[in-house]
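In what follows, a single structure is set out as structure tokens and then discussed.
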Amino acid sequence: MSQSLRFLHASDFHLERPLTGFAETPAHLVDLLIDAPYAAAERVFELAQSERADFLVLAGDIANIDRAGPRAIAFLLDQFQRLAAREIAVYWLCGPSERRGPWPAEVALPGNVRIFPLGTAQPLVHHADGDDLALLLGYSPGKGDARPEPVAKTKSGRYTIGVSHGKLNQRQVAKLGVDYWACGGPHRRHQASGDKGLTVYSGSPQGRTPSERGPHGAVVVEVDERGLARPRFVPTDLARYRRIRVEIDPAASRADQERIFSNRVQAEFDRAPGGDLFLRWKIIPVGIARGSNTILGASTEAWGQSWLRWLRQEFGTDSPAAWSISVDVITPKTKAHDPQDGSLLADFLAVIDEIEESRDALPLVEMLPEGARHSSAADLLQVADARQRKLLLQRARALGADLLGAEEFSA
């Protein structure tokens, strides 16, 4: 490569889908549930501008226009025009949502937006200052069964970005010589690295269900003159689903019990400043007899529901809000299978859980001082495959449990 480049990779806006997962929808948060996908998507477009990206890659499922309607059309046109004014190109791959509700032919897109044709594996070249800055290879499966292999041979030394939607066959794509696969489909971000490039699933800019917990956003990719890519995740979500475990002593004073909940809620706000939270709680009562189904004369379910009401009243109507979706009480018998105890160990293990579930590449090299990131020490911190990554996390989990005082733990 003769020059560096920077692009933004995002997918799965699903503008037609509100946030869900509530047995009882809080009336004061209805607007947030509907508008959050749009606000998160707007943050993606703003990020492309603030990062001075050369272009934006949209890897599918941006909107089903048939379901999203005029609002989505007007929103996307406005955002595309904003990028056009900053000379930022958009490369848009169609996912299943677009194939069910394609962009209306009667609505003209700005000239900076280029859509990969359905059913073909057609390369698009991004030009900058008269140079071919990158080759983008999009594959949108349609009625045809076009294969990208012949197109990849046109690389001619240019940095090549593959754009796809859905799970890729790593063995097949390894043969194509693509430097970076910008993928959509899964709503939780995931990154895999190998000897022949990176495969990154950016995830949705906004989580929509309790199973899509944790931060969501887009990926800024910086490529240096040597063709080395450094993806950087940037959160864009307005609301975040979280799962929290706490240990409560029913015999303690009410003030002490409430303080534990308050501290955990504040800790979650600190992790996602300015955003709303949707929380699922698991409470572990300590000091009750094994096998007991009652706490202070009430059933465990009734005890948990009383805390649910208190949590909603205390934190659910603020702005930003921490709305508790549910409370589950874990009895001592269940706790024997649950190593998390609501303490510092619980926080540490929750972080390990998030890393395992996201399946991102471990950013160990980024923890080194700037001057050491290209040294032999950096080579030692490379995690090459899924098996090595899993083993490393298992060892971190076991070491954390040992240092943080777990009495019984198995990795």
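The table below lists the values:
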{"read-out": "Centroid-to-centroid separation of the range 236-253 and the range 55-70 [C-alpha atoms, Å]", "value": "34"}
{"read-out": "Projected label distance in nm at residue 319 and residue 122, using a 7 Å step from Cα toward the beta-carbon", "value": "4.7"}
{"read-out": "Efficiency of FRET from Cβ geometry, residue 298 and residue 364, R₀ 56 Å, rounded to 0.05", "value": "0.70"}
{"read-out": "Probe 1.4 Å, all protein chains present, accessible-area order of 310, 181, largest first", "value": "310, 181"}
{"read-out": "Student exercise, the range 183-263 dipole from Lys, Arg, Asp, Glu Cβ charges, in Debye to nearest 20", "value": "200"}
{"read-out": "Extension gain (nm, one decimal) between residue 106 and residue 4, 0.36 nm per residue minus Cα-Cα", "value": "33.0 nm"}
{"read-out": "Extended-chain gain in nm, criterion 0.36 nm per residue less alpha-carbon gap, residue 66 and residue 25", "value": "12.2 nm"}
{"read-out": "Highest to lowest packing among 272-279, 38-45, scored as the average C-beta count within 10 Å", "value": "38-45, 272-279"}
{"read-out": "Distant-in-sequence amide H partners of residue 241 (H built 1.01 Å from N, under 5 Å)", "value": "214, 278"}
{"read-out": "Karplus-derived 3J(HN,Hα), 6.51/-1.76/1.60, for each residue of the range 24-31, Hz, glycine and proline x", "value": "10, 6, x, 4, 6, 10, 4, 4"}
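The values are calculated or read from the model by the stated rules, or taken from the named source; none is laboratory data. Source: prediction; values computed, not measured. We place every Cβ from the backbone using ideal geometry, glycine too, and count neighbours over all the protein chains shown. These area figures cover heavy atoms from the full protein model, side chains too; ligands, DNA and RNA do not enter into them. Shrake-Rupley method; radii C 1.70, N 1.55, O 1.52, S 1.80 Å.
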